[in-house]
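What follows is a single structure, written as structure tokens, with notes after it.
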Amino acid sequence: MAQVLIYLSDVRTIRDAKIRDAHTREAPTSELDSTSSIRWTCMSIIVVRRVLQTFDEVGSAADCVIKGLAKVRGVTEGSKDENAAKTARTLNEYLKTSWNSAASLHQELIRDVDPDNVEDRVRTIMQEKKSDITTLDDTWNVCGWAEETDEAIVKLAQTLREATSGVLDRFHGAVLPWKRDSRLEGTQPTPSFFMPQFIPPRLLIQRLWLCVSALRDVSSIGWGASAQKWKKLTDLSAPELTIPEMRNFIAETRTPMETQLWRLQDLRSGGFVYSLELFIQVIKSSGKAALRESSRELYGGTFLAITRRWWDEYERGIWTERLLVDLLRRVLPSREDSSSDQIPTYIIDHFLTFLADVLATKSGSHVRDAISQIKIYSERPGYPSEVASEVLSRLELAGT
């Protein structure tokens, strides 16, 4: 089935290209073409969902990453998942601080500068941003142990692509290429692709830190005498800082590495929430197509198909609840979302109702977080939702 979907996708791509060549590159897509695209997307999501339920290699690959994270602790006490969670929290601090420091340096490097004063500018940055440089040095120096984790995550991503026969590659933002990084030439090879939801932490932290190494080269050797001829200062920064999917991943996820662990645990159990995440991501990238009334039956039916009988077919854990609450942050509209980025109200209502079913008898900080998010949404002008109010009442009543 996955191979058939790939074939249909290729046929559609060729057809669309011919239409553009015959008319204009801005030729509007007909309603029929739009419906066909939505049907393909919905079928593909269902196929991915089924593959994750039945393809044991995906669960095994996810479990290998979890085992690697647990092994780092060097202890035998406690469960594998508990020890992996401790490692994930440590990695989360490293990644967040590294990203913030690298982003701070990047903002300085993209400022206009007189070409004759480049070296002076670099030396000034190294002095004024000494704290960020120290942070990047420290985090990179302590991440050597994460190499095995990186390898397991790269293997997982490859297994996911193979299990779905490449269908994942057709979803917007699900599989991205690692941008070429000239600073890594002559060192260890970089994977050709990555998934924003499964980031090799050591590799990313290294690429963020390389900015510091490059700055030191320029500062000590001199711009003109440097062995590497940078075309502009921004080349010193990690390419990931300018990738929208990566920036959104860091900005929208409070605890990237812990959330990644929950996603690994979800994949090990059948990938239910991961399927929902793909579904929401596809809708957000579909533009206004999802907002059309004609899309309601297809998208709404797909959501219900994904969630149907999940209680009987899925090994549940606390990670399920936490991952769903994390996804809620992307389902509900934010002030930064344009109208084309927003999830249709009918999908929001479906999601809120489902979330209430999952959390109705639960407690904890993640439940309080969900209540807070829904309360803000229900009180937002222009977004009346009776469902949101009902769900809020259910969750608040369960917590009393």
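Only the coordinates and a few stated rules stand behind these numbers; no lab work does. Values in this document were obtained by computation on a predicted structure and should not be read as measured data. In this analysis, Cβ positions are derived from the backbone assuming ideal geometry, glycine residues included, and neighbour counts consider all displayed protein chains.
Please compute the net charge surrounding Arg394, taking Lys and Arg as +1 and Asp and Glu as -1 over other residues with Cβ under 12 Å from its Cβ. All intermediate terms of the calculation are to be shown ahead of the outcome.
Details: positive: Lys362; negative: Asp357, Glu390, Glu396.
Every neighbour counted, the sum reads -2.
Order these by the 10 Å Cβ neighbour count, fewest first: Arg111, Arg89, Arg263. Kindly include the intermediate steps, with their values, before the conclusion.
Details: Arg111 10, Arg89 13, Arg263 20.
Ordered by Cβ neighbours within 10 Å, fewest first: Arg111, Arg89, Arg263.
Return a whole-number percent for the relative contact order of the range 62-252, with Cα pairs under 8 Å and 6 or more residues apart as the contact set. Don't skip to the end; give the middle numbers.
On the way: 178 pairs, mean separation 50.9, N = 191.
So the answer I get is 27 percent.
Please order Thr149, Thr353 by the number of other Cβ within 10 Å, starting at the fewest. Display every interim value, and only then the final one.
Numbers: Thr149 27, Thr353 15.
Placing the least packed residue first, the sequence is Thr353, Thr149.
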